[in-house]
Each structure stands twice: as structure tokens, then as C-alpha cells.
1. Given a 1.4 Å probe, how much area per residue of the chain is accessible, in Å²?
2. For the pair SER264 and ARG163, what calculated FRET efficiency results from E = 1/(1 + (r/R0)^6), where r is the Cβ-Cβ distance and R0 = 60 Å, to the nearest 0.05?
3. Can you give the direction-averaged projected area of the convex hull of the alpha-carbon atoms in the chain, in nm²?
4. Loop-only trypsin sites (Lys or Arg not before Pro) in the range 194-241, please: DSSP not H, G, I, E or B, and at most 12 other Cβ atoms within 10 Å.
5. Beyond a 20 Å Cα-Cα separation, which of these cross-linked pairs lie in this structure: LYS68/LYS116; LYS488/LYS523; LYS452/LYS524; LYS452/LYS488; LYS230/LYS467; LYS314/LYS467?
6. For the range 288-374, just the Cα set please: Rg and Dmax, both in angstrom.
7. How high is the FRET efficiency between ASP58 and ALA364 when r is their beta carbon distance and R₀ equals 41 Å, given to the nearest 0.05?
8. Relative contact order (percent) for the range 247-374, with alpha-carbon contacts under 8 angstrom and 6 or more residues of separation?
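The values are calculated or read from the model by the stated rules, or taken from the named source; none is laboratory data. Please read all numbers here as calculations on a predicted model, not as lab measurements. Don't worry about glycine lacking a Cβ; one is built from the backbone with ideal geometry, like all the others, and counts go over all protein chains shown. Heads up: the accessible areas ignore ligands, DNA and RNA and are worked out on the full protein's heavy atoms, side chains in. Shrake-Rupley method; radii C 1.70, N 1.55, O 1.52, S 1.80 Å.
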Amino acid sequence: MSSPCLPKTIHAAFVLCCALSPMVAVAQVSRHVEVRLDSAAGQSHASGRLLVFAMPADEAEAAAKEGKVVVVNASPMTPEAVTIAAMEVPFLAAGAGVVLDADAIAFPQPFSRLPKGDYYLQAVLDGNRDYNYGGRGEGDLVSEPTRVRLGTAGWMPSLSLTRVLPARPDPWAVADDAPAEARAAMAATRAQTELLDFASPALSKFWGRDIRMRGWVLLPPGYADAGNAKTRYPAVYFTHGFGGSLPGLVRSVAYVAEAMREGSMPPMIWVFLDESSATGTHEFADSVNNGPWGRALTAELIPALETRYRMDGKASGRLLNGHSSGGWATLWLQVTYPALFGGTWSTAPDSSDFHDFTGPDLYAANANVYRRPDGSAWPLVRVDGKVVSTFEQYARQEAVKGEVGGQLASFDWVFSPRGADGRPMPMFDRATGKVDPVVVAYWREHYDIAHKLQTQWPALKPDLDGKIRVIVGDADTFYLDGAARRLKVVLDGLGAKAEVRLLPGKTHSDLYVEGDDRRALLKKMAWEMYAVARPGSTLPAQTGNAK
């Protein structure tokens, strides 16, 4: 049975995104690439989104690590380094092939406009259509990177899908040559951790099939000791950002477990929630497209957890923490369910005020996420103060990789009304960047956190005041400091007891770093959380241990 999340044929205006690229006077390169399903792959047939990547040979070889084979892949951090072409393949039998028109859906330019020369080509058949979220993964079919010379008249490159990518390594596995201490630490963490796999009645009803909420429950040291049988603990609900996953959460689990064992973090129960889905991240927000994820968490999962584990089971003992999209999710949960949770520590959250959606004001007249009013490009990604990707480049590359699962499409799936075709209405036109004011009006009334605070503060204040903490770097990689500044203005104007911290020089990726400790900020936030749940406790800076 097909999933409602699978993409349809991409819209014509969407696929012509590269037609606006400037013309380059070069020898004509073939616009067609043949891709065959080799019997060596061991598949009788396959289907999915076919992606073909092209990278200048000298650049590909220079990028390959010493002793490693060339891999041709695309990154939003270097959006124009690799050319991608795509097509949908409904069925491909073993031994058969398809011819990809590499001009029809391509970024940053059609293949026919590539300068004549040597390139590495590689094909990927994305069977799960999840490349936009997690890249290449289990079950994808790939060809070997193949060096070809493009521009030879009458010649068409041919690639063979010869390998099926295996499952990623067990996230709990430790390398055979790892130190004994590392192996013992992971074993101790695994013993403290339980898999969360909860069937949600509300979500299952929405989708008409079994939908499960997944994650890890990390118990504090000594939880199972007989002497602690009646001891209850605060619970921290953590969720990851875009691109995160259940296996990916294990690193965070291991860090927190070790920190609790050594006493640098207080004893609490941590619930690490996976918010990934076929459409991106669902943000734990009730959505007409993704379903009632907020209700499922607050009315189903949390009560079930509090029945199973010795959690405090009251607002002061339910704390929230997340980064990036997880930061938005936890901020949203605190504002939407103010009486249920005792506080959020949301770091670098996605835009909490749509007057600054990583820069563009979505409410401005004739708003456009590609171009400023003066015609200059809106930046989206910066590294060391330098723009490495514009909003337009990011969006166009995402569009070629697939209709669903990308960061920008993910916002539509969470925030947008459902269109006549049963799919979310896009907030902006992928061909022009023009914002749809009807969709944005819906976003504002349903998901703009600053707007919600401004219009509902008298009702929210009794349960929410003093519970909001937002931390972001003032050099955030994705310009998320702009919305945080606006949120601070709103909160200050309301006279709210809230904290919005902008850390000087910090970016999206190093916000938590202090010295050699890459998650030092997490330790500080954990003690702040513990002080909310245990007001009589003393901070480690004062005593070295919690009481």
C-alpha cells in the first residue's frame, strides 16, 4: 500500500528551477545519462527517486581523503560544487535501464551547460525517498563513482547500479580496539537505557495504520538499587534537530549517562525523543498534515511513561530541552502546554517569530524568500561570517533531491494548511521565492510563537511566566539569532519573566562548546533544570555535588 507521504510527479514550475542559471559559452555536453540496474545488486527490480551527481574530476579527487575512494555527493554547505539531476523511477527491472534527462530536473544547472571536461558521475536510486533528510542510507542502490569525459559528440554516459547500501552500524557498538574504559562506559550506559517504542492511538487513527513514537529512556545511576525503590526523579524530555534519528540520539544518551555517573550532571530521567518522520521533523506539533503529535505526546506518551517509571509526575518535574528544530519543538510545547511542563531550555530554535524567518519577513508586502526588496539574495547559511548558501540555492537543491523530507518542505508539512490535492500548501513558490500570503496567514494564526504570546498572554501568563529560556549564538549559522532577538522584544514588552540569551560569537554547531567539552552548556542547563525540580538543591559550582 502506498504512503500518502510519497511524492507525486514534481510540478513543472518547480523543476525548471535551474533554467534561470546564466548561460555559459561551453561545448555542448550530453543532457542524457543512462542508468541500469545491474544484476550484481541482487535486486529483481527497484523503484524510487533517481539522482545522478556530477563533480569535476580534479575537485572530486582533491576532496577524497587519502587512501579513500572518490564519493560524489552534494551538500547544502557547498551548494554549487556538485551538479545533481533527478527523475522518478516507478519501476526498473534487473538488467534494464532508464535514460535520465539531466536537464529537466537539475541543480545548479542543466548538464548540457556543464563545461566540457572530466567529471566523476555517481547514481543513487533513493528507494525510500528520504535522501533530503538523511542522505544515502540502508537499501539505496548506488553505482560506483565513474570518471567520464563529458562533451564528446554523440556519446551518452552510462552508469550501473551495482550495490545496495547496508544498514548503518549499530550505534551501541564499540570498536574492537577501543580502550577498556570506553567499552565499560558504553556497557554501563546500555544497562541504564531502555528503548521507547509506543503505539499512539491518536496518531494511528489519523494515519489509518500503526504509528509509533520512539526514543530512549535513560535512567539515572542507582535507579534500580533497592535502597532507591521509592525515590522519584525529575524527567527531561529532549528532542533532536533536523536530520536527527533514533540511532543518532545514542551519542547524546551516552554523554548524559557518563555525566550523571561522574556527578557533573544531576540524577534525572532523560527521555530522548525521536521526532524524525517521512516528511522531515514533526516538531511535536498538532498538524493537519502530520497528525496530532503534540496531543500524542502530552495526553498519551507522558502519562504512560509516568506510570512505568518513577518520575515526579508534576509540572516542576517535567523539563524540556532541544536544539534547532528540537529547540522550536520544545519552545512550542512549553507555550502550548504551559501547565504541563515546568520549563524549557530551547537552544537555537527555528524561527519563533515569522517576521524573521531566517531573515525574510514573511508578513511583508510582496514577501519573497529568495530576494530582498532591493533585489539582493537572502542568505541562509554562513560559516565564519561568510555566506556559503543563499535561501534560493538551498531551496533549489532540496527540490531536486526530492519533494518531501527536506528542511524547507518539512516546515510546510508542519505549519501549512492542507491543499485541494491533500498535501500541504507550500509557503513559497520554489521557482520564484514568492511567499503565499494565504498560507502565511495560516502559519501566523497557528504556529507563530511570538504572535501566540502577544495575543494570548493574559491566559498564558499564570502557567507560563518564568518558564521560557532560549539560548542562541549571535553568529548562528542559519541566522536564527534574528528571530530570537525579536522574541526577546516581545517577551520584554509583555513584562514576562523569561530569558533569551545571545552568546557572543557562537554558531549553530558550537553553541554548547566550552574548551574541550563540546556539551558544556548541556551540563549547565541540566543543573538549572534540577534547581526548578528541586528548589533546595545547591549548584555544583558551590558544593561540587547536588544535594
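1. 42 Å²
2. 0.85
3. Averaged projected hull area, Cα only: 27.5 nm².
4. Loop-located and lightly packed - ARG209, LYS230.
5. Among LYS68/LYS116; LYS488/LYS523; LYS452/LYS524; LYS452/LYS488; LYS230/LYS467; LYS314/LYS467, the Cα-Cα distance tops 20 Å for LYS68/LYS116; LYS488/LYS523; LYS452/LYS524; LYS230/LYS467.
6. Every Cα atom of the range 288-374 included, Rg and Dmax give 16.9, 58 Å.
7. 0.40
8. It comes to 14 percent, rounded to a whole number.
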